[in-house]
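**Student:** Below are the structure tokens for one structure; questions will follow.
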Amino acid sequence: MTGFKLVVLAAVAGCLMMATAPKAAAQIAVEVGVAPDCPYGYYDAAPYDCAPYGYYGPEWFTGGVFIGTGPWFHGPENFRGHVNNRFHPEHGYNGPKPQRGDKPEPSKRPDKVAHFKGNEVRDGHGHIAGK
């Protein structure tokens, strides 16, 4: 009978400890900060490095200003835009890229990419959207 009393006492103690345990918050808030300052836009995935000239098609720019992507996207809800994914690191690109804070070269207007060759359509949230 002593063993049974110990089991019951342990069970009651366990229930009391669980009842007084602090509750975890269900929501998580994430601060993303300001968008990267890149002359030709930035990639749509962390760490949001600057994309090279020719990665984004002209529809990604309004008045020469990048409309953003990922958490900083500020285009229309049903937006679809062309990219040249040959310039994306996930597709093996390891060539030159501008640094944050660089200014665009005067001869390279981001909204008028000469001979742009888009091969993928994306939405403003980093998803492939189809062709």
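**Student:** Considering only residues of region 63-73 that are of a type outside the set (Phe, Trp, Tyr) and in contact (Cβ under 8 Å) with a residue 40 or more places away in the chain, which is nearest to residue 45 (Cα to Cα)?
**Tutor:** First pass over region 63-73, keeping only residues of a type outside the set (Phe, Trp, Tyr): 63-65, 67-71.
If we keep only those that are in contact (Cβ under 8 Å) with a residue 40 or more places away in the chain too, we end up with 63-64, 67-70.
Numbers: 63: 24, 64: 22, 67: 15, 68: 12, 69: 9, 70: 7 Å.
My answer is 70.
**Student:** Would you check if there is a residue in region 106-118 being at pLDDT 95 or above and buried (at least 16 other Cβ atoms within 10 Å of the Cβ)? Give the steps one after another, and end with the answer.
**Tutor:** Residues of region 106-118 at pLDDT 95 or above: none.
Taking every residue of region 106-118 in turn, none turns out to be at pLDDT 95 or above and buried (at least 16 other Cβ atoms within 10 Å of the Cβ).
**Student:** Does region 36-90 hold any residues that are outside any helix (DSSP H, G or I), of a type in the set (D, E, K, R) and under 22 Å from residue 115 (Cβ atoms), and which are they? Before you say what the answer is, go through the steps one by one.
**Tutor:** Of the residues in region 36-90, the ones outside any helix (DSSP H, G or I) are 36-57, 61-69, 73-84, 88.
With of a type in the set (D, E, K, R) added as a condition, the list becomes 37, 44, 49, 77, 80.
Scanning region 36-90 gives a single hit, 80.
The values are calculated or read from the model by the stated rules, or taken from the named source; none is laboratory data. Fair warning: this is a prediction, and the values are worked out from it, not measured in the lab. Cβ: placed from backbone, ideal geometry, glycine included. Neighbour counts: every protein chain shown.
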